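Undergrad: A single structure is presented below for examination.
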């Protein structure tokens, strides 16, 4: 399980007075960086071998400017060429959002999905969680 | 069905050379404005009576800077206090993303969901689509 | 003089109820696209031969969601390797912001500024304005 | 002098492979939070008594994803109702940008600028720097 501390930016609020909902995918992407590093150790765009197939975000409480947010990230499932990443965003003791991102191991030259190699698969397994709910870890 | 023309902004690209995936929720939110107006004719934050419960976005093709994007928006389903909005983003004849946003009619004072009034419900029905696929309309 | 119509996005508002000030550089960059095309006809990142040296933005009125913004763009001055671009953002008959962007014609391989070629210079001249104030054109 | 650590977000890169220039005003605004707190201890939008009159940003080196950025912030000058804030952004030992933000103490009800009260003025003085260059502090 990975933990990322996010400082909400004032520009990420919206006229409703809270953090704009479209900010969550930005924070979740940011917090998947340790997963990206497993696939792309250099984090260089030219080496990138992942595409994002799907994101889902459920909003369960408002998020505000002025207090840090903790994003927890874990591997939910590992398929042949794709994985699902589970994430939660917490602020002030409240779970404000949770999400699942489906990413595909991809060869950008051949424009095709590629099986996840065994070494990457093994590393991913060490970050796998059976029960997707981090409430007890907070 | 609502159609919104989006001009991708250069700042919305990312280091992978295409539109960053987290931009889609911004465009989809932007394109739900006609739905917002049904609930909140003034579009004033103080009158806002909606909360976003969930978004799902599936990415099916890359989006690029330099060419306009068409976002199609329709009502997918209407519940007692919530609705699902279906959206697609097209660029250059390709469907690049589709998504579903679940929104709840909400009383921000009482902090509780509220049944959708009949007049709003009827207007929503006129934007309801049975079959969520706009390929033939493009 | 170039005119760009901008539809403010809800995500571009902030908790003060108006468009966040940091959105203006995004809109101004977006509205410099015709200038970019003079230098980089393909608009392809690999062909990019400009760097941004400086931006200045003065804020003269609030900008709001729900009404389109017109950005006017012209060439203010042309130096040996750099140009200054002047821009104004108008909404509902009010000038809300003005700005100057200084851009340098640049060789990214050699990492050095490069004189602006004559053909580009001549095209830039056709978009030069003597008096930087578009109030009478609005 | 205030120091803020910024983690660049992947969504803040652009197709040129580096951090988009329009991100700097977002980071600088974020890093002015200690200044905001001097004027608005609650940081609540309803209590906000500042408007941004002008920003200037000079770009001196590229900024990249994957390495943290340090933003240094100090008070450059204090007028009757306005102040100038000086800021620098550093990454990996290089000064990548510097900027000046001019903010006005403002009564949003009366829509007029207001003299800066003495207690705020004194606090601002403790964060004033004579020489705007933080190179020796990095």
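The values are calculated or read from the model by the stated rules, or taken from the named source; none is laboratory data. Everything numeric in this text was worked out from a predicted model, so none of it was measured. Every residue, glycine as well, gets a Cβ built from its backbone with ideal geometry; the counts of neighbours run over all protein chains shown.
Undergrad: Residue check, residue C:25 against (1) within 14 Å of chain A (Cβ to nearest Cβ); (2) in contact with a strand residue (DSSP E or B) (Cβ under 6 Å, 6 or more places away or on another chain); (3) not in a helix (DSSP H, G or I), all met but one. Which one?
TA: Unmet condition: (3).
Undergrad: Given the residues A:5, A:83, which is the only one that is on the phi < 0 side of the Ramachandran plot and either within 8 Å of another protein chain (Cβ to nearest Cβ) or touching a helix residue (DSSP H, G or I) at 6+ places or on another chain (Cβ under 7 Å) (or both)?
TA: None of the others qualify; the one that does is A:83.
Undergrad: With respect to residue B:77, determine if the residue is out of contact with any helix residue (DSSP H, G or I) (no Cβ under 7 Å at 6 or more places or on another chain), part of a loop (DSSP other than H, G, I, E, B) and more than 14 Å from chain D (Cβ to nearest Cβ). Let's see the steps before the verdict.
TA: Details: out of contact with any helix residue (DSSP H, G or I) (no Cβ under 7 Å at 6 or more places or on another chain): yes; part of a loop (DSSP other than H, G, I, E, B): no; more than 14 Å from chain D (Cβ to nearest Cβ): yes.
Answer is no for this residue.
Undergrad: Is it the case that some residue within the range A:37-50 is crowded, with 18+ Cβ neighbours inside 10 Å, touching a residue at least 12 places away in the same chain (Cβ under 8 Å), in a strand (DSSP E or B) and on the phi < 0 side of the Ramachandran plot?
TA: yes
Undergrad: Further question on the same structure: Does residue B:63 satisfy the criteria of being within 14 Å of chain D (Cβ to nearest Cβ), touching a strand residue (DSSP E or B) at 6+ places or on another chain (Cβ under 8 Å) and in contact (Cβ under 8 Å) with a residue 60 or more places away in the chain? Spell out the reasoning first.
TA: Values: within 14 Å of chain D (Cβ to nearest Cβ): yes; touching a strand residue (DSSP E or B) at 6+ places or on another chain (Cβ under 8 Å): yes; in contact (Cβ under 8 Å) with a residue 60 or more places away in the chain: no.
Spelling it out, it is not the case that residue B:63 is within 14 Å of chain D (Cβ to nearest Cβ), touching a strand residue (DSSP E or B) at 6+ places or on another chain (Cβ under 8 Å) and in contact (Cβ under 8 Å) with a residue 60 or more places away in the chain.
Undergrad: How many residues, within the range C:51-62, are in a loop (DSSP other than H, G, I, E, B) and touching a helix residue (DSSP H, G or I) at 6+ places or on another chain (Cβ under 8 Å)?
TA: The total comes to 0.
Undergrad: Would you tally the residues in the range B:65-115 being at pLDDT 95 or above, buried (at least 17 other Cβ atoms within 10 Å of the Cβ) and more than 17 Å from the chain's Cα centre (by Cα)?
TA: Final tally of qualifying residues: 1.
Undergrad: I need the full set of residues from the range B:101-138 which are assigned to a helix (DSSP H, G or I), within 23 Å of residue B:56 (Cα to Cα) and touching a residue at least 60 places away in the same chain (Cβ under 8 Å), in order please.
TA: Scanning the range B:101-138 gives B:124, B:137.
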